[in-house]
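Below: the structure, in structure tokens.
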Amino acid sequence: MDGNRIKAMSIAQNKKAYHDYFVEEKYEAGIMLAGWEVKAIRASRVQLKEAYVVIKNGEVFLIGAHISPLATASTHVHPDATRSRKLLLHAEEISKLIGKVDRSGYTLVPIDLHYTKGRIKLTVGLAKGKKQHDKRQSEKTREGNLEVQRAMRSHNKFA
């Protein structure tokens, strides 16, 4: 591993992102979180399955991510598990994303929630939707690769 790069530890992944979309570019964004949300995420109480990313008024938001509050949450805070959360990106990245989403028919999908240098970050993918036949083709390719790997493993055992 490269000395300058620190491996990001994954918290939650959106496995349907690669099934439903062709992800062409990835961006790492910070997230504005409340204290109870950080504690819940550190306890792995987060889901990205139904989440999506939108751009409103030049700002990027994560919508539909479910963060389950811990039972020990404060009494004076009323947690909302699926509230909209603002994503933090550089201005030039946001303007580039706005251009691609508006003109080219791309969509933004959350891919992975992870720690980078102790901070919680979200990987956002710039993606195009797959058609049903594309999904079938991806599945066939994946199954073919698995069969090849199995055959190689069994061949290496006997060699």
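The values are calculated or read from the model by the stated rules, or taken from the named source; none is laboratory data. What you are looking at is a predicted structure, and each value in this text was computed from that prediction instead of being measured. As a convention, Cβ positions derive from the backbone with ideal geometry for all residues, glycine included, and neighbour counts pool all protein chains shown. Remember, those area values only see protein heavy atoms, side chains included, never the ligands or the DNA or RNA. Shrake-Rupley method; radii C 1.70, N 1.55, O 1.52, S 1.80 Å.
Within straight cross-link reach of Lys128, meaning Cα distance under 30 Å, which lysines are found once same-chain residues fewer than 8 apart are removed?
Partners found: Lys7, Lys15, Lys16, Lys26, Lys49, Lys56, Lys86, Lys96, Lys100, Lys140.
Per-residue ellipticity at 222 nm for the chain, helices alone: DSSP H runs ≥ 4 residues times -39500 (n - 2.57), over residue total, nearest 500 deg cm²/dmol?
It comes out at -11000 deg cm²/dmol, rounded to the nearest 500.
Would you mind working out the accessible area per residue for the stretch 76-131, using a 1.4 Å probe, and quoting it in Å²?
That works out to 54 Å² per residue.
Specify the residue with the greatest mean-square fluctuation among Gly35, Gly64, Gly129, computed from a Gaussian network of the chain linking alpha-carbon atoms under 10 Å apart.
Top of the fluctuation ranking is Gly35.
Helix 91-104 sits at what angle to the longest principal axis of the chain, using alpha carbons and giving 0 to 90 degrees rounded to 10?
Orientation of helix 91-104: about 60 degrees from the principal axis.
Against the longest principal axis of the chain, how steep is helix 132-158, in degrees 0 to 90 to the nearest 10, with axes from Cα atoms?
For helix 132-158, the angle is close to 60 degrees.
Out of Val53, Thr141, Pro79, whose Cα points farthest toward the positive end of the dipole of the chain (charges: +1 Lys, Arg; -1 Asp, Glu; placed on Cβ)?
Of Val53, Thr141, Pro79, it is Thr141.
Kirkwood hydrodynamic radius, computed over distinct alpha-carbon pairs, for the chain: how many Å, to one decimal?
This gives a value of 17.8 Å.
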